[in-house]
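Quick notes on the structure that follows.
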Amino acid sequence: MTLVERTEEQEAVGDDGYRRIRTDIVFGRLRPGQKLRLEGLKEDYGVSVSTLREILNRLAAEGFVLAEGRRGFEVAPISAGNLQELAELRLLLEQHAMGVSFAHADVEWEGRVVSAHHKLASTERLMETGLGELEQWKRYDGEFHQALISNCGSRMLMETHALVFDKYFRYQMVAFSYRGNEPAAQHKALLEAALKRDAATAAETLRAHVSNCVEHALATAALK
């Protein structure tokens, strides 16, 4: 094996470990405030301590982990204030991006939106019966909202939105549960607004969609 091949293999292991740890944080399997002990993570994720340090520093830069010097690492905490801040930031980014995306709408974009909504709606029906899978629901929920803004013309805007979306979604996993018919109806309304190129209605629907999530979280979870 050449040095280049070893390097590529190490990067692949690091990327896989990064995705797995990040996913476990987003889905609440690694709880807010939980200490991330390197030896334990090495055992659980099968990566070296040096690679783990790189992964955790990367997650710290994204805001999913706190790096505390000699005290090590812990999962970023959650709070009512942080949830509200993320909600407003998500709205700011997504409403703007939808407006630009709708203005540049074409048949290919419309196809992406319709396809993404079909998968999401199917998963939401399964979630209501208790048969849905959380990771599939999260993936399709994210894909639908990303499809709505996919014609905004800015990769940086989409990447920033995706990061904020994941931080916001963590609260759905940690602080409150699947809310049933209401979000599904709002997703359908967003689809209909997109097909009509009605950015104003889409922005209003999105604000209600996000605000209702936040209100539910604050009413049902012990957030400070």
Distance (nanometres) between label positions extended 7 Å along Cα→Cβ at Leu163 and Arg19: 2.0
If you take the Cα atoms of the stretch 158-224, find Rg, then find the Kirkwood Rh from the mean of 1/r over all pairs, what is Rg/Rh? 1.01
Grab the DSSP H runs of the chain that are 4 residues or longer, score each as -39,500 (n - 2.57), total them, divide by all residues and round the 222 nm result to the nearest 500 deg cm²/dmol. -25000 deg cm²/dmol
Mind grabbing the accessible area of Glu88 for me, 1.4 Å probe, Å², rounded to tens? 100
Along the three principal axes, how long is the stretch 20-62 when you take its alpha carbons, biggest first, rounded to the nearest angstrom? 23, 21, 17
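Express the carbon and sulfur contribution to the solvent-accessible surface of the chain as a percent, rounded to the nearest whole number, probe 1.4 angstrom.
Working: 6060 of 11790 Å².
That share works out to 51 percent.
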Out of Leu83, Val113, Met127 - ranked by how far each Cα lies towards the positive end of the dipole of the stretch 1-146, with unit charges on the beta-carbon of charged residues - the top one is Leu83
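Only four residue types carry charge here, +1 at the Cβ of Lys and Arg and -1 at the Cβ of Asp and Glu. Report the dipole size of the stretch 30-100 about the Cα centre in Debye, rounded to the nearest 20. Spell out each step's value before the answer.
Values: 9 positive and 10 negative charges, 56 e Å.
So the magnitude is around 260 debye.
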Under the Karplus relation with 6.51, -1.76 and 1.60 and θ = phi - 60°, whole-Hz ³J(HN,Hα) for the stretch 204-210, x at Gly and Pro, equal 5, 5, 5, 4, 5, 4, 6
GNM flexibility winner over the chain from Met127, Met156, Met98 (Cα, springs under 10 Å): Met156
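Evaluate the stretch 74-224: find the radius of gyration of its Cα atoms, find its Kirkwood radius, and give the ratio Rg to Rh.
On the way: Rg = 14.9 Å, Rh = 15.6 Å.
Taking Rg over the Kirkwood Rh, I get 0.95.
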Report the Cα centroid-to-centroid distance between the stretch 65-115 and the stretch 118-149 in angstrom, as an integer. 17
If I model a spin label as a point 7 Å beyond the Cα along the Cα-Cβ vector, how far apart are those points for Arg58 and Met173 in nm? 1.7
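Could you work out the local net charge near Glu74, counting Lys and Arg as +1, Asp and Glu as -1, over the other residues with Cβ closer than 12 Å to its Cβ? Mind dumping the intermediate values first?
Details: positive: Arg31, Lys35, Arg37, Arg71; negative: Glu68.
Within the 12 Å Cβ shell, the charges total +3.
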Over the stretch 91-202, with the other protein chains present, what is the accessible area per residue in square angstrom, probe 1.4 angstrom? 47
So how many Lys-Lys pairs in the chain land under 23 Å Cα to Cα, not counting same-chain pairs under 8 apart? 10
Heavy-atom accessible area of Lys35, protein chains in place, probe 1.4 angstrom, given in Å² to nearest 10, is 80
Quick one: divide the alpha-carbon radius of gyration of the stretch 56-105 by 2.2 N^0.38 Å and tell me what you get. 1.64
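What's the long-distance tail for the stretch 3-145, i.e. % of Cα pairs beyond 18 Å? Walk me through the numbers on the way to the answer.
On the way: 6971 of 10153 pairs.
Of all Cα-Cα distances in the stretch 3-145, 69 percent exceed 18 Å.
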I'd like the Karplus ³J(HN,Hα) series for the stretch 133-150: coefficients 6.51, -1.76, 1.60, θ = phi - 60°, whole numbers in Hz, and an x wherever there's a Gly or Pro. 9, 4, 5, 5, 4, 4, 4, 6, 4, x, 5, 5, 5, 5, 4, 4, 9, 5
If you place +1 on the Cβ of every Lys and Arg, -1 on the Cβ of every Asp and Glu, and leave all else neutral, what size is the dipole of the chain about its Cα centre, to the nearest 20 Debye? 580
Report, by chain and number, residues whose modeled amide H sits under 5 Å from the one on Val65, excluding near sequence neighbours (fewer than 5 apart, same chain). Ala60, Ala76
Pair Ala208, Ser154: separation of 7 Å Cα→Cβ label points (nm): 2.7
Could you pull out every residue, at least 5 positions away or on a different chain, whose amide H is within less than 5 Å of the one on Gly132? Hs are placed 1.01 Å off N in the peptide plane, and Pro or chain starts have none. Met127
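The values are calculated or read from the model by the stated rules, or taken from the named source; none is laboratory data. Computed from a prediction, not measured in an experiment: that's the story for all the values here. Methodologically, a virtual Cβ is constructed for each residue, glycine included, from the backbone with ideal geometry; neighbour enumeration extends over all protein chains shown. Note: areas computed on protein heavy atoms with side chains; ligands, DNA, RNA excluded. Shrake-Rupley method; radii C 1.70, N 1.55, O 1.52, S 1.80 Å.
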